[in-house]
């Protein structure tokens, strides 16, 4: 049996679909209020802040995926995320299962260096420090060697459904509403984005590859990195009309943070928008050469309504 902890987010939903399609029909979905994704799913209610509930939800599992998310609230991250992860690791160890941790890049330096699996942690801000501590907790578990563990790390998302990202909120959703996109800091720096269904398919592939454990993996991104200016122009081509973006300087975001929680939560990430973001996933591509990445054109076509279905099952 394979178990998804934090089963209601977009990554988890797509992961459940991919696992059922390509790997197993014996799937348990765990959250406070889990919902069926596939007809054969088993649901388990659990609060990951409760060690006993987490242990009961994980018991009998062969592979455990940690995909739990929290709202972009720094205090909530500090108070809850480490406990949730610690309970998940302890439960997985007790079950003798494999553990796949879905991670982000908040702990990386916010400069223009190429980011690889060996990039040292240099978090900026409180959320970055939380994610660095969590990743370190998983690395410690990996070094302990009692259970197989892997880290699957993704850069900023964009994607369908309930994908939560700044690109979706500031660019895609505004384009769909007929409004000009908003871009933080600069629109002429390269961005590395990952299509959320690709991230989930890749996580499923890693979780079912025994040789992938004991390592950190960068999940596959489109090799054709674009600036936000180029991404907006490509979106305009899909919409059949010229589109321009509005660049919001850093000082505006800083000021807005005095009045808006959403703007305040973005502030610690602003430095990375001043630099090219080059997230390297060559290691994954070498191990899974058959994996097909969704192009920006296909992704935008789906998001902007030119297609009704995803390009892959």
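Bear in mind that the values in this text are calculations on the coordinates, not laboratory data. Every value quoted in this text rests on a predicted model; they were computed, and no experiment measured them. Note that each Cβ is placed from the backbone with ideal geometry, even for glycine, and that neighbours are counted across all protein chains shown.
Taken over segment 163-208, residues that are more than 14 Å from residue 11 (Cα to Cα), in contact with a strand residue (DSSP E or B) (Cβ under 9 Å, 6 or more places away or on another chain) and outside any helix (DSSP H, G or I) amount to 15. Considering only segment 176-194, state which residues are surrounded by fewer than 21 Cβ atoms within 10 Å (Cβ to Cβ), over 16 Å from residue 276 (Cα atoms) and in contact with a helix residue (DSSP H, G or I) (Cβ under 8 Å, 6 or more places away or on another chain). Residues satisfying the conditions are 176, 180, 182. Of all residues in segment 66-89, those that are on the phi < 0 side of the Ramachandran plot and without any contact (Cβ under 8 Å) to a residue 24 or more places away in the chain have Cβ atoms under 9 Å from Cβ atoms of residues that are surrounded by fewer than 16 Cβ atoms within 10 Å (Cβ to Cβ) and assigned to a helix (DSSP H, G or I), 6 or more apart or on another chain, in 70/76; 75/126.
Within segment 214-223, not a single residue is in contact with a strand residue (DSSP E or B) (Cβ under 9 Å, 6 or more places away or on another chain), within 19 Å of residue 297 (Cβ to Cβ), touching a residue at least 12 places away in the same chain (Cβ under 8 Å) and in a helix (DSSP H, G or I). In segment 124-162, the residue that is surrounded by the most Cβ atoms within 10 Å (Cβ to Cβ) out of those that are out of contact with any strand residue (DSSP E or B) (no Cβ under 9 Å at 6 or more places or on another chain) and assigned to a loop (DSSP other than H, G, I, E, B) is 124.
Kindly indicate whether any position in segment 1-15 is outside any strand (DSSP E or B), surrounded by fewer than 22 Cβ atoms within 10 Å (Cβ to Cβ) and over 20 Å from the mean Cα position of the chain (by Cα). For segment 1-15, residues outside any strand (DSSP E or B), surrounded by fewer than 22 Cβ atoms within 10 Å (Cβ to Cβ) and over 20 Å from the mean Cα position of the chain (by Cα): present. Among (1) in contact (Cβ under 8 Å) with a residue 60 or more places away in the chain; (2) over 16 Å from residue 49 (Cβ atoms); (3) within 16 Å of the chain's Cα centre (by Cα); (4) not in a helix (DSSP H, G or I), which single condition is residue 107 missing? Of everything listed in (1) in contact (Cβ under 8 Å) with a residue 60 or more places away in the chain; (2) over 16 Å from residue 49 (Cβ atoms); (3) within 16 Å of the chain's Cα centre (by Cα); (4) not in a helix (DSSP H, G or I), residue 107 misses just condition (1). Reported count of residues in segment 281-300, each being crowded, with 17+ Cβ neighbours inside 10 Å and closer than 22 Å to residue 188 by Cβ, is 3. Note on segment 66-80: residues that are closer than 17 Å to residue 11 by Cα and touching a helix residue (DSSP H, G or I) at 6+ places or on another chain (Cβ under 6 Å) amount to 5. Within segment 129-149, is there a residue that is touching a helix residue (DSSP H, G or I) at 6+ places or on another chain (Cβ under 8 Å) and closer than 26 Å to residue 248 by Cα? No - not one qualifying residue is present in segment 129-149. Of all residues in segment 75-102 being surrounded by fewer than 19 Cβ atoms within 10 Å (Cβ to Cβ) and within 19 Å of the chain's Cα centre (by Cα), which is nearest to residue 1 (Cα to Cα)? Filtering segment 75-102 for residues that are surrounded by fewer than 19 Cβ atoms within 10 Å (Cβ to Cβ) and within 19 Å of the chain's Cα centre (by Cα), the one nearest to residue 1 (Cα to Cα) comes out as 82. Provide a single number: the residues in segment 31-63 that are surrounded by fewer than 14 Cβ atoms within 10 Å (Cβ to Cβ) and assigned to a helix (DSSP H, G or I). Total meeting the criteria: 1.
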